[in-house]
Structures are given as C-alpha cells and as structure tokens.
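Structure first, commentary second.
Read-outs: derived from the displayed coordinates by stated rules, not from any lab. Only a predicted model underlies this, so the values are computations on that prediction, with no experimental measurement involved. No Cβ is skipped: glycine too gets one built from the backbone with ideal geometry, and neighbour counts run over all protein chains shown.
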C-alpha cells in the first residue's frame, strides 16, 4: 500500500487539488512538501498533533518536510475559523513561541542531515517592498474570489479588516518562496486552509509556469463534529510543563467510545489490521482499545518511559488489579447483584452517596467514574463484567476512591 492509499484508508485525506497527480507524486517520487504553523502560543496542542504526524508519515515514506514557522504571518493572524481578530503578538513573543515549537517537533520529525527543514516566513515577509509586492504578487488575486472563501465569508458579518485580507496573499507567497528556495511542490494543511492552499498553487502556476499541488486533511474532531483538545482545565497541550504526561494519557484514556477508532487511525502508527482487531468488538472491549490509544499517543509525544509511567499510574489509581490494598472497601454478594443492578442503587447501598438525587447530580456533572471510565448516565446498570477479577473501583469527585468486591 502506497502512502497515499494509507492516508486515504485511515480517513486522513479531505481535499486534493489533483488526485491522480498527487497520488503519483507521493507514491512514486521523492518530493519536498510544507506545512505551516502559526506560533501564537508557547506550546503545540492536540490540534497540531495530527498535522505533525502527517509530516512524520510522509517523511517515513521518503519525502522531505518543511515546517514553516509563521514568524511573519503571525504578526497579522489567520482569520480562518475565527469570529474576531486575533490578538496581535510582539516579535519577541513570536520568536519565543517558535523556539518552543522546534523543541516539541524534534522527537517526532527527523531534522538531521537535511531530512527536514525548519523555515521562518519572517525571513522574506518582513523586508518586502510594498509597491513591488502589490505589482508582482497582489495583481494575481481577485478580491471577489477571496471574499467567497470560507475563511473570509464567516468574518464578513462581524467585520473583516484589510489587515487580515492580506493573510491569504502572504500564505500563497510563502508557497512560492519555498518553491523557489527548496523546490517545494506540495502544501499540506488542515481543511480550513483549503482556500489559502489553492491561492499558492495558482500563484506558482502563474509566476513560474510550473505545477504545484495541495492536500488537506480533516481537522481533529469528535463524533459530534466539535474540535477535540479541550478539557475543563483548558487546552490539551503537548508541553509536559503545561499538561502532565499522566493527564495527557488520561485525556485519551477517557475518550467517548465513538472517537476511539478514528483517533487510533489518525494519531498512531499501528497497522490498520491491528486497529480493526482492537475496535471491531466494541462494548467493554473498547476499554482495552482506549488504553492502547492512550499509551501509543503518549509514547509518541512524551516518549516510552513517560507513557509507561502514565499507564502504570492510571492502573494503580483506577484499575481493580492495582494498588488498592488500602482503599476503603465494601463487599457485594453475587446474589444481590443478580443479572444487574442500578449503579446509583449500588452506590447508595455501600454508602458512597446519601441519595439517588445526589448520585444523579454527580453523574450529570461528570463526577462519577467506574474502573477509570466516566459514567454520565444516571440510569447505568452494573453487571458482573464490571468486576474484573472480582472487584470494581469507583471514583467520586476528584479524591474519593472506593473498591467494591464481588463475593
């Protein structure tokens, strides 16, 4: 299977400017491609992870990535997906953020011996002659077409500044510069960048009379179509100083069932056959798939040692087989459990909740977990399968743990 087919089979590809040409380019040639990063924070986050892993997949297939840091464009800000203008950053803030990005990418993409390149568009954007830029570059852009682009259309009602209108032209110019400097013929980005990517493809065709191509991938969203990567505490950062590897692991461990298969395909290097075997049964078997997902993604971002520590810590805290010797314990007779018992009935019986109304409130607010899995349905029923090795661990709120042994 070629890398193009693999990206397609994993559901990663969204839009392609010329499918046959791009398939041939990625499967049969060595090409230089680029992906842009706006350094608007001092850490990459989960939203960037899929982007970086696309870079890594293509590099493993023999292609050369350029990670383009938007040291120049970040001074303006991309209007894509925004209802208000972005906060304007200083040069010092942007340079600091770029250094943070470089450190976090280094374990994921091989930058040694020219195998990948880090470029900064500040190198060519900050010293542009405005009149020359208007005459040589801006003349090729139709304002009517730009205003039909989704990234601008959604801003029109709230007000789109001429300042931001320049973003598409500047990103297109980036592609032209990278084409001239490094022979870059392919831009890859999130699906929200489609209009900007087409702008660059057409600019190269007009200025250089050479072909260039664009590929987008779907944004990392959950089963409801909402962007992933948010928790009650904020964004899911890749920087271990902003989010502990254990909490990062737990984020993936606690994903809803509907998101597990897609994230395994997008965010791990596990073969598709293995992913299918992990997820085809569904139900309780997905708990193991979630643990595999959490371990693999944490290993990719933080290394194998941190992934192992996070996994061991989670098992010790939540697993029924783990270090629960000193945990408050109650017993439940199999005869009492029968074919199944309401979770709230059980928790009231072992005096973990004073009333069912309190239990309902806890569940609806995300304050109840069973064996490390959040339970939000107050009508949930407990059966014998919820007692692996004869015990179940319940977490109430953030600090109350209780083991229930089935006898």
Practice problem: Return P(r) of the range 230-318 (all Cα-Cα pairs; 5 Å bins starting at 0; whole %; ordered from short to long distances). | Solution: 3, 15, 26, 25, 20, 9, 2, 0
Quiz item: Which whole-number percentage describes the relative contact order of the chain, with Cα contacts under 8 Å and a sequence gap of 6 or more?
Solution: 14 percent
Quiz item: Over the range 3-217, what is the percentage of antiparallel beta bridges among all DSSP beta bridges, to the nearest 5?
Solution: 15 percent
Self-check item: Relative contact order %, the range 329-406, counting alpha carbon pairs below 8 Å whose residues are six or more apart
Solution: 37 percent
Quiz item: Which angle from 0 to 90°, rounded to the nearest 10, does the C-alpha axis of helix 91-105 make with the longest principal axis of the chain?
Solution: 60 degrees
Quiz item: Counting DSSP beta bridges with both partners in the chain, what percentage is antiparallel, nearest 5?
Solution: 50 percent
Practice problem: Round to the nearest 10 and give me the degree value, 0 to 90, for the angle of helix 19-28's Cα axis relative to the longest principal axis of the chain. | Solution: 80 degrees
Quiz prompt | the range 329-406: radius of gyration over Cα atoms, expressed as a fraction of 2.2 N^0.38 Å | solution = 0.98
Quiz item: If you count, for each residue, the other Cβ atoms within 10 Å and average over each peptide, how do 206-214, 57-65, 296-304 line up from highest to lowest?
Solution: 296-304, 57-65, 206-214
Quiz item: Under the classification rounded if a/c is under 1.5, otherwise prolate if a/b is larger than b/c and oblate if not, where does the range 1-75 fall, given a ≥ b ≥ c as square roots of the Cα gyration tensor eigenvalues?
Solution: prolate
Quiz item: In terms of the Cα gyration tensor, with a ≥ b ≥ c the square roots of its eigenvalues, is the range 3-217 rounded because a/c is under 1.5, prolate because a/b exceeds b/c, or oblate?
Solution: rounded
Exercise. Return one number: the angle in degrees, 0 to 90 and rounded to the nearest 10, between the long axis of the Cα atoms of helix 194-208 and the longest principal axis of the Cα atoms of the chain.
Key: 30 degrees
Quiz item: Using helices alone, what [θ] at 222 nm do you get for the chain, with -39,500 (n - 2.57) per DSSP H run of 4 or more residues, divided over all residues and rounded to the nearest 500?
Solution: -13500 deg cm²/dmol
Practice problem: Average the reciprocal distances over every distinct pair of alpha-carbons in the chain, invert the result, and give the Kirkwood radius in Å. | Solution: 23.7 Å
